[in-house]
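Novice: Okay, handing you the structure first.
The values are calculated or read from the model by the stated rules, or taken from the named source; none is laboratory data. Computed from a predicted model, the values in this text were never measured in an experiment. FYI the Cβ positions are ideal-geometry reconstructions off the backbone, even for glycines, and counts take in every protein chain you see.
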Amino acid sequence: MATEPTAAGTPPGYRDVSVPLPQVVLQGTLLSLAILVVPVLIYWLIHGFAAFWAGLGGVSILSWIAAVVLGVILHEGIHALGWKFFGGLRWRDLRFGVDRSTLSPYCHARVPMSARAYRIGAVLPGILTGLLPTVAGIALGHAFMTAIGAVLLSAAIGDLIVLWVLRTIPPAAHVLDHPSNAGCYVMESDLQAEEVHQQ
């Protein structure tokens, strides 16, 4: 049964383990830029500066926009697939939208799942739309693939911050995706059981 958070705040029996999206943007900007630049530097070291710019020379602005938009759609779709298959969610348990304050697209899971499933669903988009295309682009000497992969990898910084925030949450704990922040609510009884177990 769905346990949706309300405007009043944290649902009964849960603990808020999340970060406001504006804070994610603020904290993640420098790291996101580093994630964007490092693959390009690796490409330059292997294939040369001239090869990188030559590979991007024939790419139109429309192609860039289409690739980024498609990547963003895939990113949110992969979140949904990860939570559906690893968390046992149904399609009706998932909601897509755009946060108006930061213009950040999102996929929101409206029912609880395990922290393990939540982490898998959080990390998959960065791997599949960012890391793999970046590595493949560098290996194949494909500048455009490398650049788009780097852009989408850097765009996954919010997901990396979520994984860091949840680093101490036990894998079997029940979590509920936060409707507006990056992160989730964690069932208090699961956290208390883990604390007792560690004593």
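Novice: Within segment 153-163, restricting attention to residues that are farther than 20 Å from PHE86 by Cα and of a type outside the set (Ser, Thr, Tyr), which residue is modelled with the highest pLDDT? Working first, answer last.
Specialist: Of the residues in segment 153-163, the ones farther than 20 Å from PHE86 by Cα are 153-155, 157-158, 161.
From the residues that got through so far, the ones that are of a type outside the set (Ser, Thr, Tyr) too are 153, 155, 157-158, 161.
Details: LEU153: 95, ALA155: 89, ILE157: 90, GLY158: 87, ILE161: 90.
Out of the qualifying residues, it is LEU153.
Novice: Follow-up. Every residue in segment 105-138 that is more than 18 Å from GLY82 (Cβ to Cβ) and either crowded, with 23+ Cβ neighbours inside 10 Å or in contact with a Gly (Cβ under 8 Å, 6 or more places away or on another chain) (or both), please. Break it down into steps so the answer makes sense when it comes.
Specialist: Keep residues of segment 105-138 that are more than 18 Å from GLY82 (Cβ to Cβ), which gives 134-138.
Selection gives THR134, VAL135, ALA136, GLY137.
Novice: Looking at PRO125, PRO170, which is the one that is at pLDDT below 95 and either closer than 30 Å to MET187 by Cα or under 10 Å from the mean Cα position of the chain (by Cα) (or both)?
Specialist: Details: PRO125 fails: at pLDDT below 95.
Sole residue among the options that is at pLDDT below 95 and either closer than 30 Å to MET187 by Cα or under 10 Å from the mean Cα position of the chain (by Cα) (or both): PRO170.
Novice: Still on this structure: Within segment 6-49, restricting attention to residues that are aliphatic (A, V, I, L, M) and outside any helix (DSSP H, G or I), which residue is nearest to THR146 (Cα to Cα)?
Specialist: So the first thing to find is which residues in segment 6-49 are aliphatic (A, V, I, L, M), and the list is 7-8, 17, 19, 21, 24-26, 30-31, 33-38, 40-42, 45-46.
Next, from what is left, pick out any that are outside any helix (DSSP H, G or I): 7-8, 17, 19.
On the way: ALA7: 42, ALA8: 44, VAL17: 34, VAL19: 30 Å.
By that ranking, first place goes to VAL19.
Novice: Ok, one more. So for segment 172-185 (the condition being more than 20 Å from LEU103 (Cβ to Cβ) and surrounded by fewer than 16 Cβ atoms within 10 Å (Cβ to Cβ)), does at least one residue qualify? Give the steps one after another, and end with the answer.
Specialist: Within segment 172-185, the subset more than 20 Å from LEU103 (Cβ to Cβ) is 172-176, 184-185.
Within this subset, residues satisfying the condition of being surrounded by fewer than 16 Cβ atoms within 10 Å (Cβ to Cβ) are 172.
Yes, that holds for at least one residue.
Novice: Still on this structure, please answer the following. Counting only residues that are under 15 Å from LEU176 (Cβ atoms), of a type outside the set (A, V, I, L, M) and not in a helix (DSSP H, G or I), how many does segment 82-94 have?
Specialist: Applying the first criterion (under 15 Å from LEU176 (Cβ atoms)) to segment 82-94 yields 83, 87-89, 93-94.
Cutting the leftovers down to of a type outside the set (A, V, I, L, M) gives us 83, 87-88, 93.
Pick out the ones that are also not in a helix (DSSP H, G or I) and you get 88.
Selection size over segment 82-94: 1.
Novice: What are the residues in segment 51-71 that are assigned to a loop (DSSP other than H, G, I, E, B) and surrounded by 13 or more Cβ atoms within 10 Å (Cβ to Cβ), if any?
Specialist: Listed by number, the list holds a single entry, VAL59.
Novice: Mind checking which residues of segment 22-50 are of a type outside the set (Phe, Trp, Tyr) and surrounded by 14 or more Cβ atoms within 10 Å (Cβ to Cβ)?
Specialist: First, the residues of segment 22-50 that are of a type outside the set (Phe, Trp, Tyr): 22-42, 45-48, 50.
Those that are of a type outside the set (Phe, Trp, Tyr) and surrounded by 14 or more Cβ atoms within 10 Å (Cβ to Cβ): VAL24, VAL25, GLN27, GLY28, SER32, ILE35, LEU36, VAL38, PRO39, VAL40, ILE42, HIS47.
Novice: Shifting gears a bit: Can you tell me which residue among SER114, SER60, SER104 is closer than 18 Å to LEU163 by Cβ, among the hydroxyl-bearing types (Ser, Thr, Tyr) and at pLDDT below 95? Quick ask: steps written out before the conclusion?
Specialist: Details: SER114 fails: at pLDDT below 95; SER60 fails: closer than 18 Å to LEU163 by Cβ.
Residue meeting the stated conditions: SER104.
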